[in-house]
Amino acid sequence: MQNLFGSIQRSNETSTIVMRRTIKTSPQDAWDAIVTPQRCARWLGVVSGDLQPGGKYRITFDDSDPTALVEGEVLRCIPASELVVTWQAPGDEPSQVTVVLLPAGDSTELLLTHSGLRAASSDTGHAAGWQVYLDQLAAGLEVNDWSDRWSAWGDLKRAYEAVAGMQKDD
């Protein structure tokens, strides 16, 4: 059974969140769900812009909240393999999100790394959010269940806080 819990590493002024998923689908199908606006809207948010290197993009998470969005630039885009973007929410410093897709038999290994997060206080919320998003993506791709899983966010955030507290005690 795969561990769906991600990790948070804090060093100096920034944090890095790392998430892994093995999803029973092809790398091409996973890629399409990440970069095709209609499919991405089912698990992450409404994407607009140019998802080519140097292109600018915007992801809107909630149309009723003008601050529920991120914007950035595509730094690298290798179809069905790797996407690297800058990631900036209103009022936040820019960070970087990297998604790598690797074939794993009849599945795809997805590795998501969100690096350069400045506010340590947001680490656990970001980790819980990415876990919810990747749970939604995996369920959608594997069993066509695109239902909203955000009700789990609060419990996940508390679980990440508990782990972070234990790591501080070590």
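The values are calculated or read from the model by the stated rules, or taken from the named source; none is laboratory data. Bear in mind that the values here come from a model prediction, so they are computed numbers and not experimental data. No Cβ is skipped: glycine too gets one built from the backbone with ideal geometry, and neighbour counts run over all protein chains shown. The protein model used for the area step is the full one, side chains on, heavy atoms only, and it has no ligands, DNA or RNA in it. Shrake-Rupley method; radii C 1.70, N 1.55, O 1.52, S 1.80 Å.
Go through the stretch 134-150 and give me each residue that's out of contact with any Ser or Thr (no Cβ under 9 Å at 6 or more places or on another chain) and open to solvent by less than 30 Å² (accessible area, probe 1.4 Å).
134, 137
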So, in the stretch 155-166, of the ones that are without any contact (Cβ under 8 Å) to a residue 40 or more places away in the chain and within 17 Å of the chain's Cα centre (by Cα), which residue ends up surrounded by the most Cβ atoms within 10 Å (Cβ to Cβ)?
156
If I ask for residues that are in contact with a Ser or Thr (Cβ under 7 Å, 6 or more places away or on another chain), under 14 Å from residue 137 (Cβ atoms) and in a strand (DSSP E or B), which ones from the stretch 1-24 would you list?
22, 23
Within the stretch 94-101, identify whether any single residue is out of contact with any strand residue (DSSP E or B) (no Cβ under 8 Å at 6 or more places or on another chain), in contact (Cβ under 8 Å) with a residue 12 or more places away in the chain and open to solvent by 40 Å² or more (accessible area, probe 1.4 Å), and answer yes or no.
no
Which listed residue, of 76, 58, is exposed (fewer than 14 other Cβ atoms within 10 Å of the Cβ) and in contact with a Gly (Cβ under 6 Å, 6 or more places away or on another chain):
58
Those residues that are closer than 16 Å to residue 103 by Cβ and buried (at least 19 other Cβ atoms within 10 Å of the Cβ), I need them from the stretch 1-33; list them, please.
21, 23, 25, 27, 30, 31, 33
Consider the stretch 25-40. How many of its residues are of a type outside the set (A, V, I, L, M, F, W, C) and closer than 12 Å to residue 137 by Cβ?
4
Going residue by residue through the stretch 108-129, is there one that turns out to be open to solvent by 40 Å² or more (accessible area, probe 1.4 Å), closer than 23 Å to residue 62 by Cα, at pLDDT below 95 and among the small types (Gly, Ala, Ser)?
yes
